[in-house]
Amino acid sequence: MADIYDLIVLGSGPGGYVAAIRASQLGLKVAIVERELLGGICLNWGCIPTKALLRSAEIYHYMQHAGDYGLAAEKISADIGAVVKRSRGVAKQLNQGVTHLMKKNKISVHMGDGVLSGPGRLTVTRDGKSEELAAKHIIIATGARARDLPFAPADGKRIWTYRHAMVPPEMPTRLLVIGSGAIGIEFASFYNDMGADVTVVEMLDRIVPVEDADVSAFLEKSLKKQGMTILTGVGVEKIEAGASGVKAAIKAKDGTVTTGDFSHVIVAIGIVPNTENIGLEALGAATSRGHIVADAMCRTNVAGLWAIGDVTAPPWLAHKASHEGVIAAEAIAQALGNTEVHPHAMDVRNIPGCTYCHPQVASVGLTEAKASEAGYAVKAGTFPFIGNGKAIALGEAEGFIKTVFDAKTGELLGAHMVGAEVTELIQGYTVGKQLETTEAELMQTVFPHPTLSEMMHESVLAAYGRALHI
């Protein structure tokens with residue numbers, strides 16, 4: 001006899017466990033199925049532990065530049081083993097936190113591999129033993145994994161994915177990072193700050209290519225100044241890994257091939273959704289390039305089957321997954337008769353993106369180029385960190401904030417930042433976009449002084465020729 005629930009969530013990452021909690025809050029009987037660790041990749045092997053690594057690298061960087069602040073620090077060194085140990089401790093603490101949240105919200109946890117065995121049915125297998133679960137609704141939140149190079153799959157020794165890079169068997173001396181998206185650039189920044197000689201290669205014509213072109217150009221200049229080698233418009237066509245290092249053949253657009261010797265390689269060329277072997281085909285669930293097709297309410301084409309997070313369409317971000325988890329849980333509760341909940345559709349235009357390199361990058365909405373391509377008459381304003389008193393006092397005077405508006409209506413279309421703590425500042429613009437703000441409300445808002453946030457105000461003013469401090 002199958003255990004019967006209102007909702008089963010397959011996968012316990014930031015989308016899955018949040019969906020389970022919200023559904024439980026709404027009075028549903030909920031089960032969650034996880035094959036490895038509660039909290040999923042983000043909490044255990046992604047977002048959180050990488051930030052712990054980057055924090056250690058940031059402090060190490062400041063220690064090496066203590067003299068800039070009138071301080072002295074001698075015989076500075078880094079212990080990569082201790083840095084990794086701290087990172088894993090952070091992940092363990094948060095994993096235990098999710099375990100506590102499952103108990104607190106009376107969510108039934110089933111550890112094992114989950115497979116859809118029919119409409120509203122899921123089989124969970126662990127250590128050769130299976131159990132049957134049934135529910136009116138099932139949410140697929142199985143996430144994704146790193147994409148391998150077809151000609152050089154990761155071996156964990158010389159060729160790494162992000163997962164290997166977080167628990168390195170040794171400190172790289174000469175590191176090749178393939179791909180300059182958020183994951184690639186974050187690890188490039190970490191290992192560069194820790195003392196490795198880092199080279200980044202990107203097939204497109206600029207790094208962090210989803211960002212505003214001005215941000216890409218500024219970040220590339222900054223990373224080169226820090227000692228990185230940045231190669232754009234090139235691809236890696238061959239990798240030979242040996243016992244002591246890696247030889248890579250790098251091909252430019254003009255066909256020129258150069259070879260380089262590296263101690264290690266990090267492959268950060270995208271993700272593969274975890275949709276195989278979970279029973280989607282038998283139910284007829286629609287997919288696109290492996291990702292489950294779902295609408296803005298997270299519904300698939302199969303009645304009672306929902307999908308959230310990295311297993312669906314981009315952007316592939318933890319906070320997007322969590323928000324989708326809430327949307328799906330509320331829509332399911334409504335479908336089960338709850339008339340007091342009012343789920344809203346996801347609007348991907350209001351999802352911020354953050355890259356925690358040094359300097360940080362953050363954005364929300366349309367870039368200036370994308371706004372123009374979409375047919376908007378654009379007003380854009382930029383304000384530099386060097387014009388902000390708090391940035392100068394912090395010793396972080398490199399960077400800028402750009403805001404993009406519809407010239408006809410004043411609608412805030414996008415915001416783009418590079419510099420210290422911009423991953424915290426971006427939420428101000430995200431709230432503004434959600435509230436459908438215009439330049440008038442932003443200009444009339446009082447920003448505290450002295451803060452980095454004042455640059456947000458100044459960039460809005462700059463878009464309309466009214467900046468006060470440049």
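Legend: Rg and Dmax of segment 323-470, from Cα coordinates, 17.3, 57 Å.
A viscosity of 1.306 mPa s and a temperature of 10 °C, combined with the Kirkwood radius over C-alpha pairs in the Stokes-Einstein formula, give the chain a diffusion coefficient of 66 µm²/s.
Calculate what fraction, in whole %, of the accessible area of segment 393-465 sits on carbon and sulfur atoms when a 1.4 Å probe is rolled over the protein chains.
Working: 1640 of 3020 Å².
For segment 393-465, the apolar C and S fraction of the accessible surface comes to 54 percent.
Computed 3J(HN,Hα) for segment 180-193, one whole-Hz value per residue from the Karplus formula 6.51 cos²θ - 1.76 cosθ + 1.60 where θ = phi - 60°, is 10, x, 4, 5, x, 5, 5, 6, 4, 5, 4, 6, 5, 5, glycine and proline marked x. Extension gain for the segment I4 to A335, taken as residue separation times 0.36 nm less the Cα-Cα distance, is 117.4 nm to one decimal. Residues whose amide H lies under 5 Å from that of V109, counting only those 5 or more places away or on a different chain, are I32; hydrogens are built 1.01 Å from N in the peptide plane.
Dipole magnitude for segment 222-267: computed about the Cα centre from +1 point charges on Lys and Arg Cβ and -1 point charges on Asp and Glu Cβ, it is near 180 debye. Only Lys, Arg, Asp and Glu carry charge here, each on its Cβ (+1 for the first two, -1 for the last two); on that basis the chain has a dipole of about 820 debye about its Cα centre. Highest-first packing order for the peptide set 81-88, 303-310, 240-247 is 303-310, 81-88, 240-247, based on the mean count of other beta carbon atoms within 10 Å.
Given the Cα-Cα distance of K224 and A397 and 0.36 nm per residue of separation, how much length would full extension add, in nm? Spell out each step's value before the answer.
Values: separation 173, 0.36 × 173 = 62.28 nm, distance 1.71 nm.
My answer for the length gained is 60.6 nm.
Residue ranges 231-237, 137-143, 172-178, 323-329 sort as 137-143, 323-329, 172-178, 231-237 when ordered by packing (mean number of other C-beta atoms within 10 Å per residue, highest first). For a paramagnetic label modelled on K92 (point 7 Å from Cα along Cα→Cβ), amide N atoms under 20 Å away belong, within segment 147-176, to 163-170. Taking the charge dipole of segment 340-470 about its Cα centre, with +1 at Lys and Arg Cβ atoms and -1 at Asp and Glu Cβ atoms, the residue from H344, A397, I426 reaching farthest to the positive side is A397. Summarising the label geometry, the points placed 7 Å from Cα in the beta-carbon direction at Y62 and A82 lie 1.7 nm from one another. Label point 7 Å out from V272 along Cα-to-Cβ: which residues of segment 293-323 have amide N under 13 Å? Zone members listed by number: none at all. Taking the dipole about the Cα centre of the chain, with the C-beta of Lys and Arg at +1 and of Asp and Glu at -1, give me whichever of A182, T382, L101 is farthest to the positive side. So the residue we want is L101. Of the accessible area of segment 107-166, computed with a 1.4 Å probe over protein heavy atoms only, carbon and sulfur atoms account for 51 percent. Over every Cα atom in segment 335-416, the radius of gyration and the widest Cα-Cα span, Dmax, amount to 17.7, 56 Å. With every protein chain left in place, what is the accessible area of F151 in Å² (1.4 Å probe, nearest 10)? Here the residue's solvent-accessible area equals roughly 90 Å². Structure shown: which of K51/K221; K51/K253; K224/K370; K157/K238; K51/K433; K29/K320 lie over 29 Å apart, alpha-carbon to alpha-carbon? From the list (K51/K221; K51/K253; K224/K370; K157/K238; K51/K433; K29/K320), the Cα-Cα distance tops 29 Å for K51/K253. What net charge do the residues around P209 carry, taking every other residue with its C-beta under 14 Å from that of P209, with Lys and Arg at +1 and Asp and Glu at -1? Its environment carries a net charge of -4.
Excluding ligands, DNA and RNA, what is the solvent-accessible area per residue of the chain at a probe of 1.4 Å, expressed in Å²? Could the numbers behind the result be given before it?
Values: 21580 Å² over 470 residues.
Accessible area per residue: 46 Å².
Expressed as a whole percent, the accessible area of segment 188-313 that falls on carbon and sulfur atoms is 52 (1.4 Å probe).
Between K129 and K238, the C-beta separation translates, for a Förster distance of 30 Å, into a calculated FRET efficiency of about 0.10.
Summing +1 for each Lys or Arg and -1 for each Asp or Glu among the other residues whose beta-carbon sits under 9 angstrom from that of G245 gives +2. One decimal place: the segment V431-K106 gains 113.8 nm when fully extended, by the rule 0.36 nm per residue minus the C-alpha distance.
Beta carbons within 10 angstrom, averaged per residue: use that to sort the peptides 32-38, 461-467, highest first.
So the peptides 32-38, 461-467, ranked by packing, come out 32-38, 461-467.
Once both labels are positioned 7 Å from their Cα atoms along Cα-to-Cβ, the gap between F151 and V446 label points is 6.3 nm.
The values are calculated or read from the model by the stated rules, or taken from the named source; none is laboratory data. Source: prediction; values computed, not measured. Backbone-built Cβ (ideal geometry, glycine too); neighbour counts: all protein chains shown. Please note that ligands, DNA and RNA were not included when accessible areas were found on the heavy atoms of the full protein model with its side chains. Shrake-Rupley method; radii C 1.70, N 1.55, O 1.52, S 1.80 Å.
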